[in-house]
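The values are calculated or read from the model by the stated rules, or taken from the named source; none is laboratory data. Because the structure is predicted, anything quoted here is derived from the model rather than measured. Note: ideal-geometry Cβ built from the backbone for every residue, glycine included; neighbour counts use all protein chains shown.
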Amino acid sequence: PERIIAQLAGLPAREHLEGCSLLPQVRNARGTSLARDRDAQLGNRAVRTDKWRYIRCANAVEELCAMQADSKEWTNPAG
């Protein structure tokens with residue numbers, strides 16, 4: 001959502017954002033199907049605070065990341 005909002009406002013997206021823009025799909029919501037470089041990961045859920053990010057993937061894998069202490073997300077204490 002943040003990337004789309006920035007694009008709609010004509011602002012550059014922040015560098016830390018990952019993934020591809022969904023703006024073409026938003027603008028073409030009632031039109032024909034648009035191809036993307038990769039599929040969205042459906043069924044994943046995430047909760048994020050300033051210090052932590054928790055993800056439960058559709059395949060039941062859990063990830064917990066200390067966003068400030070481990071900005072590269074190399075350690076998963078959820079395991």
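Quick look at the numbers
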read-out: Flag for Thr75 being modelled with pLDDT under 70 and part of a loop (DSSP other than H, G, I, E, B); value: no
read-out: Subset of region 1-34 that is at pLDDT 70 or above and under 23 Å from Lys72 (Cβ atoms) - its residue that is surrounded by the most Cβ atoms within 10 Å (Cβ to Cβ); value: Arg3
